[in-house]
Number of protein chains: 2
Amino acid sequence: MLKLFAYNWQVRQDWFAWCQDVPEEELLRGRTGGVGGILHTLFHVADVEYSWLSVLQGKPEFTEPFENYADLRRVTELSARFREEVRPFVMAWTGEMEDKVLSEIAPGGEPVSFKHGEIMRHVIAHEIHHIGQLSVWSREIGKVPVTANLIRRGLF
Amino acid sequence: MLKLFAYNWQVRQDWFAWCQDVPEEELLRGRTGGVGGILHTLFHVADVEYSWLSVLQGKPEFTEPFENYADLRRVTELSARFREEVRPFVMAWTGEMEDKVLSEIAPGGEPVSFKHGEIMRHVIAHEIHHIGQLSVWSREIGKVPVTANLIRRGLF
C-alpha cells in the first residue's frame, strides 16, 4: 500500500516541477474532462487524499474551494502540508487495518459503509486516474508529460 | 494486490461496454496523448498487463501490433483471453512473492532487475493512468466516461 502512495507523491511532485515551466494561464485554463484544469487537478488529488485519510482517522475533511488556492505556489504548499499530515497514517498501515469499517451517511441520507482497505485503494486509483488526464492536456500544450512509470523510480 | 487488478478488469470491461455505443471511426481516430486512440489504449493496457505477467512467469511476451486487432470485437476478445491467462497468477499472489527478483537485459544492453512486487504495481498504475486518458477523450466526443471510482463496485 505504502509503495503506491509513495509513487503518487513522487509523481505529484514531478508534476509540480513540470508546472514551473508552464505559463500560469495554461495551468488555470479550463479544459475538457476531469475537474477541468491542470492546477485544479493537482489541488483535487491532494484534497481527496487528505480528506479520505482524515475521515479514516475520525478527523474533519478539507472543504475549501480551489478558488482559495488558485496559483502554483499555494497548491504546491497545500499538497506538501497535506502529505506530511497523512504520511504517518500511511506509514503505519498494516494488513489488520484492511477490514476496519467506516460507516457514513451518504449525501442522500442513507447509511453506507466501506472497508478501510477499500478507501485506501480508492484514493490511490483516484490520483493515478486524474494524472492520466494531465498527460493528455500536457501533449495538447506541446509539452512532454511526466512519466507515469512506477518502475525505475527507486521506490523498491 | 488482487483488488486493484480486479478493479482494472472491471473498469476495462465497462469501457468495452461504453465502446458499443461509439462509432468505430471514433474508437480508431488518432488523438492527442497516450498511445493516440481509444481502442489502441484498451489494446495497450491488455497487452502490457499480459506481457509483464508473462515475463514474471518466464513465458514469452505478446509482440503483435495493434493493427492486427484494430476493431472492437477483436480487442475485446484478446483482452478477455489475456485476463483468463493471467488470472491464476494474480489469484495466487502472496506477500512472499514481493521480493522475488526479475533480471532482464534492457534494450540498451545493460542488465536491469526489478522486484516482482514492483512490476505488479507498475502494471496496475499503468492501466489506471491510461484509462484516465480515455476519460478526457470521452468528454471530447461528448460522452460521459466510465466512472473511475473504486468504491461502490462490489469489490470489497
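See the values below:
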| quantity | calculated |
| --- | --- |
| Any hit, segment B:131-140, residues being within 30 Å of A:Val35 (Cβ to Cβ) and open to solvent by 20 Å² or more (accessible area, probe 1.4 Å) | yes |
| Any pair with Cβ under 8 angstrom, 6 or more apart, that starts in segment B:79-104 at a residue that is under 18 Å from B:Ala6 (Cβ atoms) and ends at one that is open to solvent by 50 Å² or more (accessible area, probe 1.4 Å) | B:Phe89/B:Gln57; B:Val90/B:Leu2; B:Met91/B:Leu2; B:Trp93/B:Leu2 |
| Residue within segment B:126-137 that is without any contact (Cβ under 8 Å) to a residue 40 or more places away in the chain and among the charged types (D, E, K, R) present | no |
| Cβ pairs under 7 Å, 6+ apart, first in segment A:22-46 and within 23 Å of A:Arg81 (Cβ to Cβ), second assigned to a helix (DSSP H, G or I) and of a type in the set (Lys, Arg) | A:Leu42/A:Arg12; A:Val45/A:Arg12 |
| Which numbered condition B:Ala46 fails, given (1) closer than 28 Å to A:His130 by Cβ; (2) among the small types (Gly, Ala, Ser); (3) outside any helix (DSSP H, G or I) | (3) |
| Condition check for A:Ser51: hydroxyl-bearing (Ser, Thr, Tyr) and either surrounded by fewer than 10 Cβ atoms within 10 Å (Cβ to Cβ) or in contact (Cβ under 8 Å) with a residue 40 or more places away in the chain (or both) | no |
| Index of the failed condition, B:Asn8 passing every other in (1) within 14 Å of chain A (Cβ to nearest Cβ); (2) open to solvent by 20 Å² or more (accessible area, probe 1.4 Å); (3) within 18 Å of B:Arg87 (Cα to Cα) | (2) |
| A:Glu61 vs. criteria touching a helix residue (DSSP H, G or I) at 6+ places or on another chain (Cβ under 9 Å), among the acidic types (Asp, Glu) and either at pLDDT below 95 or not in a helix (DSSP H, G or I) (or both) | yes |
| Segment B:139-156 residues that are more than 8 Å from every other protein chain (Cβ to nearest Cβ) and closer than 28 Å to A:Trp137 by Cα, paired with ones that are open to solvent by less than 30 Å² (accessible area, probe 1.4 Å) and modelled with pLDDT of 95 or more (beta carbon under 6 Å, 6 or more apart) | B:Val146/B:Trp15; B:Val146/B:Trp18 |
| Matching residues in segment B:67-84 - criterion: being crowded, with 16+ Cβ neighbours inside 10 Å and more than 13 Å from the chain's Cα centre (by Cα) | B:Tyr69, B:Ala70, B:Leu72 |
| Scan of segment B:112-134 for residues that are closer than 15 Å to A:His130 by Cα and not acidic (Asp, Glu), ordered by number | B:Ile124, B:Ala125, B:His126, B:Ile128, B:His129, B:His130, B:Ile131, B:Gly132, B:Gln133, B:Leu134 |
| Set A:Glu127, A:Glu67: member being over 18 Å from A:Tyr7 (Cα atoms) and part of a helix (DSSP H, G or I) | A:Glu67 |
| Matching entry among A:Met120, A:Met91 (being within 13 Å of chain B (Cβ to nearest Cβ) and farther than 21 Å from A:Glu25 by Cβ) | A:Met120 |
| Breaking point among (1) outside any loop (DSSP other than H, G, I, E, B); (2) among the hydroxyl-bearing types (Ser, Thr, Tyr); (3) closer than 30 Å to B:Glu26 by Cα; (4) within 14 Å of chain A (Cβ to nearest Cβ), for B:Ser103 | (3) |
| Criterion: crowded, with 19+ Cβ neighbours inside 10 Å and modelled with pLDDT of 95 or more - qualifying residue of B:Leu42, B:Leu28 | B:Leu42 |
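The values are calculated or read from the model by the stated rules, or taken from the named source; none is laboratory data. In this text, all values refer to a predicted model and were calculated from it rather than measured experimentally. As a convention, Cβ positions derive from the backbone with ideal geometry for all residues, glycine included, and neighbour counts pool all protein chains shown. When the accessible area is computed, the model is the full protein with side chains, heavy atoms only, and any ligands, DNA or RNA have been set aside. Shrake-Rupley method; radii C 1.70, N 1.55, O 1.52, S 1.80 Å.
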